[in-house]
Amino acid sequence: MEDKQMEKAVSRKLTLFCVICGVAVLVLMGATVIRDGEREWKHYQTQYREMLLKMIKKENNPTFYQRVEEMKPEIRQIVVDEWKTVDRCTTCHLGIEDPLFANAKQPFTTHPNPELLKQHPVEKFGCTMCHGGQGLATTYYGSSHQPIDNWPITLVAKGLMQSRCGYCHKDFEAIKADRLIKGRELYKEMHCAGCHLIDGQGGNVGPDLSNFADKDPSNFAYENIEGPHSKQTWVMEHFKDPKRVSPGTPMRAYAMNDDQVECLTSYVLSLTQRGFSRPYSTKVKADFVPHRVDALVPEAGLSVDAEDEAGSNQ
Ligand code: HEC
Ligand code: HEC
Ligand code: HEC
Ligand code: HEC
């Protein structure tokens, strides 16, 4: 009897000991990860300060020079009211609005499109509204520069950047969004509307695409995806070979080059039902219809592509 109790007491102590060790290891590991993260952005800020000091002359503006000399590493952030979040991208992308950094290396380079930043003031829009990624993160990995499996907020790939313009600008012509215009044109030419709906226009063999941009990445099957498991890769691989990605789908592979695939992907990834409020919403003419039926549906009507039917009859 007593032996049993002793055993129990010992085993309880052992369990407690193991738990304490476990927690200690976790705390140490956590601390290392956090310290590494800090080192990363602090390292960029130190580098930035040194670069800036080389670019400016003390005698031109002694007070500014001294301010830069005394700069302490600090997290920089932009409050994005619309999404009730903050973007910390500028903690590392320190020269983004400074023309002096046009030829500097990343993450210090001036934005390639300063005009665009004037139209969308950085202090209001931040970066993630156009670029995606995780605004709160202060590490390269955490900001999601490279796709992370099943992570919803990967940075938007270079060739797909216009998908984000379409979130807010439904009139693609007004902002000269050539890739969205091209994508919408391909959608029409390839009779996609025979099987898909956008804003109530089209067929219903396939899913309604009206809010395709809002669909969570975890809703896609990635078993047959060759690249990283991100929604943008899924869409592009699906367009290149629907039957490999979604076995049994009636969608067929269309002959498209990579650029066309990117334009079509930008277009479907721009389709959101998310509303934006001022100052993020755009003004459009009262009689403007975003996805006009005549723009989406080819003259031949809503029938499934004739070639496809010929193929399945063989
Ligand atoms: C810890 C520092 C750090 C943070 C925070 C950070 N970046 Fe970067 N970023 C970098 C570095 C370093 C590069 C250059 C990487 C390279 O050349 O491979 C880069 C490159 C980029 C590029 C160029 C394309 C690419 O992927 O190479 C874009 C666009 C970009 N960042 C956007 C963002 C956005 C948007 C955020 C906020 C969500 C952000 N970055 C936050 C360090 C950072
Ligand atoms: C209004 C949308 C918009 C906003 C806001 C915006 N960008 Fe961009 N950014 C773009 C587009 C579009 C490009 C593609 C290049 C071009 O236009 O030439 C780009 C390009 C870049 C590049 C170069 C990418 C490469 O592959 O070389 C970096 C780095 C970058 N942006 C960082 C940022 C950061 C950091 C912020 C926030 C301070 C930001 N951007 C805000 C739209 C935006
Ligand atoms: C979060 C919403 C949002 C995103 C994303 C966005 N814009 Fe805008 N953009 C605006 C707002 C708001 C204005 C101010 C003009 C207005 O009210 O219509 C504007 C203005 C502009 C203008 C000035 C001309 C005009 O119509 O007034 C251009 C050009 C433009 N945007 C292009 C782009 C491009 C290109 C992209 C993608 C790289 C983009 N925008 C992404 C909201 C956005
Ligand atoms: C013959 C009918 C048919 C045609 C034509 C067709 N699709 Fe599909 N599409 C489907 C079906 C069914 C699915 C669902 C199964 C799958 O994942 O392929 C689908 C899936 C999709 C998806 C993923 C939707 C989601 O929510 O998972 C997108 C995006 C898409 N199609 C876009 C297009 C585009 C763009 C075209 C024109 C190039 C097109 N489709 C042509 C039937 C079709």
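Scan (1) open to solvent by 20 Å² or more (accessible area, probe 1.4 Å); (2) in contact (Cβ under 8 Å) with a residue 12 or more places away in the chain; (3) out of contact with any Ser or Thr (no Cβ under 7 Å at 6 or more places or on another chain) for the single condition Gln162 breaks and write down its number.
(3)
Only residues that are within 10 Å of ligand 2 (Cβ to nearest atom) and β-branched (Val, Ile, Thr): list them for region 122-145, please.
Of everything in region 122-145, those that are within 10 Å of ligand 2 (Cβ to nearest atom) and β-branched (Val, Ile, Thr) turn out to be Val122, Thr128.
Report, ordered by the first and then the second residue, all pairs with beta carbons closer than 8 Å, sequence separation of six or more or different chains, a first member in region 100-119 that is at pLDDT 95 or above, and a second member that is open to solvent by 30 Å² or more (accessible area, probe 1.4 Å) and of a type in the set (Asp, Glu).
Going by the 8 Å Cβ cut-off, the qualifying pairs are Thr110/Glu97; Thr110/Asp98; His111/Glu97; Pro114/Glu97; Leu117/Glu97.
Would you confirm whether or not region 151-158 contains a residue that is closer than 17 Å to Asn211 by Cβ, buried (at least 19 other Cβ atoms within 10 Å of the Cβ) and touching a Gly at 6+ places or on another chain (Cβ under 7 Å)?
no
Filter region 196-215 down to the residues that are open to solvent by less than 30 Å² (accessible area, probe 1.4 Å) and not small (Gly, Ala, Ser), then identify the one that is farthest from ligand 1 (Cβ to nearest atom).
His196
What are the pairs with Cβ atoms under 6 angstrom where one residue, in region 82-99, is more than 16 Å from Gly142 (Cα to Cα) and the other, located anywhere, is near ligand 2 (Cβ under 7 Å from one of its atoms) and open to solvent by less than 40 Å² (accessible area, probe 1.4 Å)? Sequence gap at least six, or different chains.
Every condition considered, the pairs that remain are Ile96/His111.
Condition check ((1) farther than 22 Å from Val205 by Cα; (2) in contact with a Cys (Cβ under 8 Å, 6 or more places away or on another chain); (3) assigned by TED's automatic domain parsing to the domain that holds Phe239; (4) in a helix (DSSP H, G or I)) across all residues:
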| residue | (1), (2), (3), (4) |
| --- | --- |
| Glu262 | yes, no, yes, yes |
| Gly275 | yes, no, yes, no |
| Ser281 | yes, yes, yes, no |
| Lys285 | yes, no, yes, no |
| Val289 | yes, no, yes, no |
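Have a look at Pro207, Pro228 and point out the one that is out of contact with any helix residue (DSSP H, G or I) (no Cβ under 8 Å at 6 or more places or on another chain) and free of Cβ contacts under 8 Å to residues at least 24 places away in the same chain.
Pro207
Within 16 Å of ligand 2 (Cβ to nearest atom) and under 22 Å from the mean Cα position of the chain (by Cα): which single residue out of Tyr222, Tyr280 fits that description?
Only one candidate passes the filter, namely Tyr280.
Is it true that some residue in region 51-72 is closer than 30 Å to Gly166 by Cβ, loosely packed, with under 15 Cβ neighbours inside 10 Å and not assigned by TED's automatic domain parsing to the domain that holds Ser218?
No, because not a single residue in region 51-72 is closer than 30 Å to Gly166 by Cβ, loosely packed, with under 15 Cβ neighbours inside 10 Å and not assigned by TED's automatic domain parsing to the domain that holds Ser218.
What single numbered condition from (1) modelled with pLDDT of 95 or more; (2) of a type in the set (Val, Ile, Thr); (3) in a loop (DSSP other than H, G, I, E, B) fails to hold for Ile181?
Of everything listed in (1) modelled with pLDDT of 95 or more; (2) of a type in the set (Val, Ile, Thr); (3) in a loop (DSSP other than H, G, I, E, B), Ile181 misses just condition (3).
Provide a single number: the residues in region 242-255 that are surrounded by 15 or more Cβ atoms within 10 Å (Cβ to Cβ) and not hydrophobic (A, V, I, L, M, F, W, C).
Of the residues in that region, 4 qualify.
Within region 73-96, can you find the residues that are more than 18 Å from Leu53 (Cα to Cα) and open to solvent by 50 Å² or more (accessible area, probe 1.4 Å)?
Listed by number, the residues that qualify are Ile75, Arg76, Gln77, Val79, Asp81, Trp83, Lys84, Arg88.
The values are calculated or read from the model by the stated rules, or taken from the named source; none is laboratory data. Being a predicted model, the structure only gives us computed values, none of them experimental. Here Cβ is always computed from backbone atoms with ideal geometry, including for glycine, and neighbour counts include all displayed protein chains. Note: accessible area is taken over every heavy atom of the protein model, side chains too, but ligands, DNA and RNA are not part of it. Shrake-Rupley method; radii C 1.70, N 1.55, O 1.52, S 1.80 Å.
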